[in-house]
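In what follows, a single structure is set out as structure tokens and then discussed.
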Amino acid sequence: MRDNDKLADGAAAQPARPAVMIDVAKRAGVSHQTVSRVLNDSPRVRPETRERVLRAVEELGYRPNAMARGLVSRRSKVLGVVTFDTVLYGPASMLLGIERAARAAHYGVSIVTLQRADRAEVLDAVGTLADQGVDGVIIIAPLMVAAAALHSLPAMLPAVAVEAGPDAGLPSASVDQVEGARLAVQHLLDLGHETVWHISGPNGWLESRDRVDGWRQTLQAAGASVPPIIAGDWSARSGYEAGPVLAAQPGVTAVFAANDQMALGLLRAFAERGLRVPEDISVVGFDDIPEAAYLSPPLTTVRQDFDEVGRRSMRMLLGLIESDGTRTDSPQVVPTLVVRDSTGAPRSR
């Protein structure tokens with residue numbers, strides 16, 4: 001093979017370079033300024049020209065450079081997210097819902113994960129994201145101490161909280177945890193159980209507090225006795241350890257666990273003691289983890305729509321970024337009860 005042939009073959013083997021804005025301009029027969037206006041949604045472009053440019057963008061597979069677009073719009077097109085303890089199903093699912101909503105809005109996401117959710121770490125994380133030039137920040141703050149820090153955020157940085165409670169001082173997107181607990185407890189009362197015992201989440205969590213409130217309020221409204229709370233820590237182990245305590249109590253026929261992991265541990269503890277679910281004791285969880293339908297028996301639980309929380313938090317934040325900064329609140333996302341085989345009518349124990 002001749003050297004020229006080798007060079008030709010080598011050149012042919014090289015991948016084509018990514019399209020740039022000038023390529024789009026040539027394909028559409030317009031200036032690169034016109035392409036820039038179209039990509040930045042400027043109204044100063046005729047509809048037929050806009051259509052021609054967008055068609056060229058699609059044909060060439062052109063992907064706008066976020067930094068270049070930021071120079072034009074004075075926005076980075078990046079949002080900051082502060083989160084922590086993403087091993088837990090709830091916070092991890094909240095984060096995933098926010099990421100999906102950001103992608104749908106054509107924003108990138110910069111994430112800071114905290115080791116501790118105290119005031120100093122929250123403010124330091126927000127400061128780090130502000131130094132990166134993010135357009136706004138979403139803070140997942142289900143701990144009371146983290147929610148308290150939200151009152152000290154920089155005033156000029158658009159910010160939205162997730163699961164931070166009504167006193168966060170920021171626009172907040174959240175699931176109605178009290179209603180979720182009410183659905184769980186009312187389901188058990190409607191089946192004929194005289195009362196419902198509760199394994200709570202740890203102290204300091206807003207979700208734990210609200211689920212306790214919903215459990216207690218529902219029992220009181222029905223005129224049922226309110227048993228002592230058994231404290232858990234969200235882990236399957238704490239649910240498992242609650243099992244012998246509940247099994248030793250006479251007359252326990254129904255238990256509401258504040259999350260599915262604790263319910264999972266509880267099912268194991270009951271099985272080891274020869275207690276049948278739901279024939280002897282009914283169990284309801286919270287979250288509807290992917291494994292809930294495959295437990296033995298399949299778990300009745302409360303489902304949270306984390307994607308909807310992400311969409312609402314994104315809408316509120318973009319509203320702050322694109323408007324005069326006026327606060328807009330969003331109604332809480334209403335959870336749903338998913339009834340499976342772990343609940344049934346009571347039988348005497």
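Among (1) modelled with pLDDT of 85 or more; (2) closer than 30 Å to residue 32 by Cβ; (3) not in a helix (DSSP H, G or I), there is one condition residue 102 misses while meeting the rest; what is its number?
(3)
Do we find that residue 37 is under 19 Å from residue 106 (Cα atoms), in a loop (DSSP other than H, G, I, E, B) and modelled with pLDDT under 85 in this structure?
Judged against the criteria, residue 37 is not a match.
Name every residue in region 181-211 that is within 20 Å of the chain's Cα centre (by Cα), surrounded by fewer than 23 Cβ atoms within 10 Å (Cβ to Cβ) and part of a loop (DSSP other than H, G, I, E, B), in order of residue number.
202, 204
Could you look through region 109-128, keep only residues that are hydroxyl-bearing (Ser, Thr, Tyr) and part of a strand (DSSP E or B), and pick out the one that is modelled with the highest pLDDT?
Step by step, filter region 109-128, then rank; the result is 110.
Matching residues to (1) at pLDDT below 95; (2) in a strand (DSSP E or B); (3) charged (D, E, K, R); (4) surrounded by fewer than 19 Cβ atoms within 10 Å (Cβ to Cβ):
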residue: 238; (1), (2), (3), (4): no, no, no, no
residue: 245; (1), (2), (3), (4): no, no, no, yes
residue: 252; (1), (2), (3), (4): no, no, no, no
residue: 264; (1), (2), (3), (4): no, no, no, no
residue: 267; (1), (2), (3), (4): no, no, no, no
residue: 277; (1), (2), (3), (4): no, no, no, no
residue: 280; (1), (2), (3), (4): no, no, yes, yes
residue: 283; (1), (2), (3), (4): no, yes, no, no
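Suppose we filter 145, 160, 178 for residues that are within 30 Å of residue 278 (Cα to Cα) and either in contact with a Pro (Cβ under 7 Å, 6 or more places away or on another chain) or open to solvent by 30 Å² or more (accessible area, probe 1.4 Å) (or both); which single one remains?
The unique qualifying residue is 178.
Can you pull out every residue in region 118-152 that is in contact with a helix residue (DSSP H, G or I) (Cβ under 6 Å, 6 or more places away or on another chain) and within 20 Å of residue 319 (Cβ to Cβ)?
Across region 118-152, the qualifying residues are 135, 136, 137, 138, 140, 141.
Considering only region 212-230, how many residues are open to solvent by 30 Å² or more (accessible area, probe 1.4 Å) and either out of contact with any Asp or Glu (no Cβ under 8 Å at 6 or more places or on another chain) or acidic (Asp, Glu) (or both)?
The total comes to 10.
Please find, among 181, 159, 155, the residue that is touching a Leu at 6+ places or on another chain (Cβ under 8 Å) and either in contact (Cβ under 8 Å) with a residue 60 or more places away in the chain or farther than 16 Å from residue 259 by Cα (or both).
Every option except 159 fails the conditions.
Name the residues in region 124-157 that are over 13 Å from residue 80 (Cα atoms) and of a type in the set (A, V, I, L, M), would you?
141, 143, 144, 145, 146, 147, 148, 149, 150, 153, 155, 156
Residue under question is residue 143, and the condition is that it be at pLDDT below 90 and at negative phi; does it hold?
yes
Kindly provide the set of residues from region 212-236 that are free of Cβ contacts under 8 Å to residues at least 24 places away in the same chain, assigned to a helix (DSSP H, G or I) and of a type outside the set (S, T, N, Q), ordered by number.
Residues satisfying the conditions are 216, 221.
Specify the residue that is modelled with the lowest pLDDT; the eligible residues are those in region 285-318 that are open to solvent by less than 50 Å² (accessible area, probe 1.4 Å) and aromatic (Phe, Trp, Tyr).
Once the filter is applied, the top-ranked residue is 306.
The values are calculated or read from the model by the stated rules, or taken from the named source; none is laboratory data. Remember, it's a predicted structure, so these values are computed and weren't measured experimentally. Note that we place each Cβ from the backbone using ideal geometry, even for glycine, and neighbour counts take in every protein chain shown. Heads up: the accessible areas ignore ligands, DNA and RNA and are worked out on the full protein's heavy atoms, side chains in. Shrake-Rupley method; radii C 1.70, N 1.55, O 1.52, S 1.80 Å.
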